[in-house]
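> Once you've had a glance at the structure underneath, I'll fire off some questions.
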Amino acid sequence: MQDKPTPENLTRSEPSPWEGAELAALNLLTDPCHYPTLWSMEDIGRELEHRDPEAIVRPLVNAGLLYRMGDALVFATPAAFHLTSLVGHVV
(Lines give C-alpha, C1' and ligand atoms only; values in the text may rest on other atoms or scores of the structure.)
Protein backbone atom coordinates (compact mmCIF):
# COMPACT_ATOMS: atom_id res chain seq x y z
CA MET A 1 0.00 0.00 0.00
CA GLN A 2 1.35 3.44 -0.96
CA ASP A 3 1.93 6.18 1.54
CA LYS A 4 -0.19 9.31 1.43
CA PRO A 5 1.50 12.18 -0.38
CA THR A 6 3.32 14.50 1.99
CA PRO A 7 5.50 17.53 1.23
CA GLU A 8 8.55 15.33 1.75
CA ASN A 9 7.28 12.80 -0.81
CA LEU A 10 6.41 15.48 -3.33
CA THR A 11 9.77 17.26 -3.38
CA ARG A 12 12.20 16.24 -6.05
CA SER A 13 15.52 14.89 -4.95
CA GLU A 14 17.30 16.17 -8.06
CA PRO A 15 16.39 19.28 -10.04
CA SER A 16 15.66 18.93 -13.72
CA PRO A 17 18.56 19.99 -15.97
CA TRP A 18 16.12 22.32 -17.75
CA GLU A 19 15.36 24.30 -14.61
CA GLY A 20 18.80 25.88 -14.54
CA ALA A 21 18.61 26.78 -18.22
CA GLU A 22 15.11 28.25 -17.81
CA LEU A 23 16.26 30.38 -14.87
CA ALA A 24 19.30 31.53 -16.85
CA ALA A 25 17.06 32.50 -19.79
CA LEU A 26 14.66 34.34 -17.50
CA ASN A 27 17.54 36.21 -15.87
CA LEU A 28 18.96 37.04 -19.29
CA LEU A 29 15.71 38.52 -20.57
CA THR A 30 14.83 40.49 -17.41
CA ASP A 31 18.11 42.36 -16.95
CA PRO A 32 17.67 45.50 -19.09
CA CYS A 33 20.64 47.26 -17.45
CA HIS A 34 23.09 44.70 -18.78
CA TYR A 35 21.39 43.08 -21.77
CA PRO A 36 18.87 44.09 -24.45
CA THR A 37 15.24 43.36 -23.68
CA LEU A 38 14.44 41.85 -27.10
CA TRP A 39 16.35 38.67 -27.96
CA SER A 40 16.55 36.46 -30.99
CA MET A 41 16.41 32.71 -30.47
CA GLU A 42 19.89 32.38 -31.98
CA ASP A 43 21.33 34.94 -29.56
CA ILE A 44 19.74 33.17 -26.59
CA GLY A 45 21.28 29.90 -27.73
CA ARG A 46 24.71 31.52 -28.10
CA GLU A 47 24.55 33.36 -24.78
CA LEU A 48 23.39 30.30 -22.83
CA GLU A 49 25.64 27.99 -24.86
CA HIS A 50 22.71 25.74 -25.68
CA ARG A 51 21.99 23.95 -28.97
CA ASP A 52 18.21 24.11 -28.63
CA PRO A 53 17.04 27.45 -27.20
CA GLU A 54 13.49 26.59 -28.28
CA ALA A 55 13.40 23.87 -25.60
CA ILE A 56 14.27 26.47 -22.98
CA VAL A 57 11.99 29.26 -24.24
CA ARG A 58 8.84 27.20 -24.91
CA PRO A 59 8.04 26.39 -21.23
CA LEU A 60 8.61 30.02 -20.26
CA VAL A 61 6.23 31.18 -23.01
CA ASN A 62 3.66 28.60 -21.87
CA ALA A 63 4.03 29.84 -18.29
CA GLY A 64 3.32 33.42 -19.40
CA LEU A 65 6.83 34.67 -18.57
CA LEU A 66 7.98 35.33 -22.14
CA TYR A 67 6.26 36.68 -25.25
CA ARG A 68 7.17 35.61 -28.78
CA MET A 69 7.28 37.83 -31.84
CA GLY A 70 7.04 35.40 -34.72
CA ASP A 71 9.50 32.54 -34.63
CA ALA A 72 12.68 34.50 -34.09
CA LEU A 73 12.25 37.01 -31.24
CA VAL A 74 11.26 36.80 -27.57
CA PHE A 75 10.99 39.24 -24.69
CA ALA A 76 10.03 39.08 -21.02
CA THR A 77 6.46 39.75 -19.89
CA PRO A 78 5.59 42.08 -17.02
CA ALA A 79 4.99 38.92 -14.94
CA ALA A 80 8.61 37.85 -15.53
CA PHE A 81 9.91 41.24 -14.37
CA HIS A 82 7.64 41.08 -11.32
CA LEU A 83 8.81 37.54 -10.53
CA THR A 84 12.48 38.51 -10.68
CA SER A 85 11.78 41.60 -8.55
CA LEU A 86 10.25 39.33 -5.91
CA VAL A 87 12.84 36.56 -5.90
CA GLY A 88 15.82 38.39 -7.39
CA HIS A 89 18.03 37.25 -10.21
CA VAL A 90 19.32 33.76 -9.55
CA VAL A 91 22.84 33.33 -10.79
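The values are calculated or read from the model by the stated rules, or taken from the named source; none is laboratory data. All values derive from a computational prediction rather than experimental measurement. Glycine gets a Cβ as well: all are built from the backbone with ideal geometry, and neighbour counts include every protein chain shown. For the accessible areas, the whole protein counts, side chains as well, though only heavy atoms, and no ligand, DNA or RNA atoms are used. Shrake-Rupley method; radii C 1.70, N 1.55, O 1.52, S 1.80 Å.
> Would you say Val74 is within 15 Å of Glu22 (Cβ to Cβ), in a strand (DSSP E or B) and touching a Leu at 6+ places or on another chain (Cβ under 9 Å)?
yes
> Listed residues Leu48, Leu66; which is touching a Ser or Thr at 6+ places or on another chain (Cβ under 8 Å) and surrounded by 14 or more Cβ atoms within 10 Å (Cβ to Cβ)?
After applying the criteria, what remains is Leu66.
> List the pairs whose first member sits in the stretch 25-47 and is within 23 Å of His82 (Cβ to Cβ), whose second member is assigned to a helix (DSSP H, G or I) and aromatic (Phe, Trp, Tyr), and whose Cβ atoms are under 7 Å apart, counting only residues at least 6 apart or on separate chains?
Between residues of the stretch 25-47 that are within 23 Å of His82 (Cβ to Cβ) and residues that are assigned to a helix (DSSP H, G or I) and aromatic (Phe, Trp, Tyr), the close pairs are Thr30/Phe81.
> Determine, yes or no, whether Thr6 is modelled with pLDDT under 90, hydroxyl-bearing (Ser, Thr, Tyr) and open to solvent by less than 70 Å² (accessible area, probe 1.4 Å).
Judged against the criteria, Thr6 is a match.
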